[in-house]
Amino acid sequence: YETSSSACSWVEDSCVRIEGKALCDRWQEKQKQAELDLRHSSSSQSAYLRSELDRINQILKTSCR
């Protein structure tokens, strides 16, 4: 008994430039999510999540004063 099947999916992505206050608002949202992710992470993930939060904090510090 032999079966044959195939599946595919169509993926479309686009890139939109975000500037000014909207950009900083997005980074602040990412910062809040990163803080939550770190707070609820397992010890095996905490080092990576801490570095990601530090990276986001540095972006906010230098770009969104």
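Rule-based calculations on the coordinates, nothing more; no lab input. Since this is a predicted model, take the numbers as computed values, not measurements. Heads up, the Cβs are rebuilt from the backbone with ideal geometry, glycines too, and the neighbour counts pull from every protein chain shown.
Tell me, for the chain, which Cys residues have no other cysteine's C-beta sitting closer than 4.7 Å.
Cys with no partner Cβ under 4.7 Å: 8, 15.
Excluding residues fewer than 8 places away in the same chain, name every one of the aspartates and glutamates whose C-alpha is closer than 18 Å to that of residue 61.
Those aspartates and glutamates meeting the cut-off are 19, 25, 29, 35, 52.
Which angle between 0 and 90 degrees, to the nearest 10, do you get for helix 43-63 versus the longest principal axis of the chain when only C-alpha atoms count?
The angle comes out at about 50 degrees.
Ranking request for peptides 39-45, 23-29, 11-17: highest mean number of other beta-carbon atoms within 10 Å first, then the rest in descending order. Display every interim value, and only then the final one.
Working: 39-45: 9.3, 23-29: 13.3, 11-17: 4.6.
Answer by packing, highest mean first, reads 23-29, 39-45, 11-17.
Each label point is 7 Å from the Cα along the Cα-to-Cβ direction; what then is the distance between the points at residue 8 and residue 47, in nm?
4.3 nm
Distances over 13 Å make up what percent of all Cα-Cα pairs in the chain? All intermediate terms of the calculation are to be shown ahead of the outcome.
Working: 1502 of 2080 pairs.
That fraction is 72 percent.
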